[in-house]
Amino acid sequence: MTLDRLTTEARNAASERIDSLSALERVSTIKGFREFAIGLTSFIKHMEIAGLYTATTSTLLGGTSITEGHISTITDSIILLRYVEVFGEMRRGLTVLKMRGSAHDKNICEFSIDGHGIKIGKPFYNISGILSGQFTHMASSEIERMSRLFAEDET
């Protein structure tokens with residue numbers, strides 16, 4: 001594909017999706033992957049196209065980085081999907097890690113996908129350590145006690 005053809009096709013596009021950046025990352029050097037991601041991101045921003053990239057992690061639970069190439073600095077938003085164990089049952093969690101220029105919701109919420117699309121449920125208030133994969137379940141009374149410790153003084 002020539003650059004002229006790519007530019008012409010990009011002008012007619014509203015969005016660009018790459019599933020998955022992880023596959024590209026595995027077959028290239030870290031430097032080559034980072035340069036590709038920076039170039040592609042710069043190009044689609046210049047063309048005023050919304051980009052959606054997916055990436056997988058090598059671990060089922062937890063993890064230390066979104067990608068080995070550490071490209072999160074060039075993205076405007078990062079939405080993390082994570083498995084959450086709740087008393088022996090696997091559930092799905094979603095959180096917005098980064099949304100540049102936005103005071104976004106910081107909760108980790110349960111989500112499900114069915115024939116009608118994605119459904120965002122309630123936050124996992126009684127579980128901590130979801131991002132690290134080191135889950136700790138907290139009793140409701142402990143959550144209330146912790147909330148009172150950090151509540152603003154209204155007097």
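The values are calculated or read from the model by the stated rules, or taken from the named source; none is laboratory data. For clarity, every value in this text was computed on a predicted model and none was experimentally measured. When we count neighbours, we look across all protein chains shown, and the Cβ atoms used for this are built from the backbone with ideal geometry, even at glycine.
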Scan GLU85, GLU152 and give me the residue that is at pLDDT below 85, part of a loop (DSSP other than H, G, I, E, B) and over 13 Å from the mean Cα position of the chain (by Cα).
GLU152
Please indicate, with yes or no, whether at least one residue in the stretch 29-46 is surrounded by 15 or more Cβ atoms within 10 Å (Cβ to Cβ) and either at pLDDT below 80 or not in a helix (DSSP H, G or I) (or both).
no
